[in-house]
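Notes follow the structure.
Please treat every number below as a calculation from the coordinates, not as lab data. Only a predicted model underlies this, so the values are computations on that prediction, with no experimental measurement involved. Cβ: placed from backbone, ideal geometry, glycine included. Neighbour counts: every protein chain shown.
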């Protein structure tokens with residue numbers, strides 16, 4: 001198997017940064033971001049502060065020219081592209097994919113969102129129905145990746161939380177609880193530590209490299225519903241005297257188990 005070289009595009013101060021940190025322990029990786037060229041992302045590996053370059057330009061409207069993407073990926077011998085965009089912007093996905101194809105990249109991983117699911121319950125990957133305008137944009141980004149002609153994987157994270165060394169990935173539900181000083185009915189969820197998402201992403205990248213032509217769609221969750229009462233206990237905050245919202249979105253993790261993935265960071269210990 002040829003050596004993977006990974007380009008992580010977007011969100012370098014959040015999920016994309018954590019993924020870059022984790023993957024860089026094992027594989028050559030660089031980050032592509034809109035911003036000042038020559039900026040660096042601190043990568044603490046064994047607490048030694050290794051630095052991984054963020055290659056970027058200040059662009060309007062905060063995007064990249066195809067030629068720039070192609071050049072940066074080609075110069076580094078990139079084999080895999082990870083789309084870790086903060087927001088679902090189809091035009092940006094198209095530009096990055098065009099640059100990747102021109103550079104000879106063979107596989108792409110899109111970090112999408114569980115927002116594509118609308119109906120409460122255990123969500124299997126083939127049950128995405130959308131709903132909000134944002135959910136439809138995520139679905140459109142997924143369709144663009146499916147039509148890329150490359151091996152691809154789509155990962156749909158559920159409620160991410162946690163940090164990796166100096167990179168924080170705040171969860172809006174948990175942040176709202178801390179700001180309010182209590183846990184309300186909207187705090188329940190299927191929570192997954194951001195480091196587990198990064199480990200899953202690396203595993204998926206390796207699967208795509210070993211099996212050309214592979215197409216994967218995976219949920220990224222624990223498969224466990226944390227009730228507001230359970231969240232209140234972990235956060236050590238009082239539980240608001242309000243009706244529980246009931247069972248909401250929970251990841252069907254059947255496909256995760258089939259590829260050998262198990263989360264390592266339980267919500268109770270790492271929040």
* Mind giving me the nanometre distance, one decimal, between the label points for residue 269 and residue 165, set 7 Å out from Cα along Cα→Cβ? => 2.1
* With each pseudo-label sitting 7 Å past Cα toward Cβ, what's the residue 206-residue 175 distance in nm, one decimal? -> 3.3
* Asked: If you take every DSSP beta bridge whose two residues both sit in the chain, what share of them, in percent to the nearest 5, is antiparallel?
  -> 20
* To do: Measure nothing fancy, just the Cα-based angle from helix 90-102's long axis to the longest principal axis of the chain, in degrees from 0 to 90, nearest 10.
  => 40
* Asked: What angle do you read, to the nearest 10 degrees and between 0 and 90, between the alpha-carbon axis of helix 133-146 and the longest principal axis of the chain?
  -> 40
* To do: Report, in degrees rounded to the nearest 10, the 0 to 90 angle that the Cα long axis of helix 194-210 makes with the longest principal axis of the chain.
  => 40
* Using 0.36 nm per residue, how much length does the chain from residue 254 to residue 140 gain when fully extended, once their Cα-Cα distance is taken away? -> 38.6 nm
* Structure fact -> In deg cm²/dmol, rounded to the nearest 500, the helical mean residue ellipticity at 222 nm of the chain, built from -39500 (n - 2.57) for every DSSP H run of length 4 or more, is -9500 deg cm²/dmol
* **Mean Cα-pair separation over length for the stretch 163-271, i.e. relative contact order, pairs under 8 Å, 6 or more apart, %** => 37
* Candidates 253, 86, 175, ranked by Gaussian network fluctuation over the chain, Cα under 10 Å, top entry -> 175
* To do: Please list 214-221, 160-167 highest first by mean number of surrounding beta-carbon atoms within 10 Å per residue.
  => 214-221, 160-167
* To do: Consider a paramagnetic label point 7 Å from the Cα of residue 224 along Cα→Cβ; state which residues of the stretch 169-210 have an amide N under 13 Å from it.
  => 189-193
* **Most mobile listed residue (191, 26, 117) in the chain, GNM with C-alpha springs under 10 Å** => 26
* To do: Quote to one decimal, in nm, the extra length available between residue 87 and residue 215 on full extension: 0.36 nm per residue of separation minus the C-alpha distance between them.
  => 43.8 nm
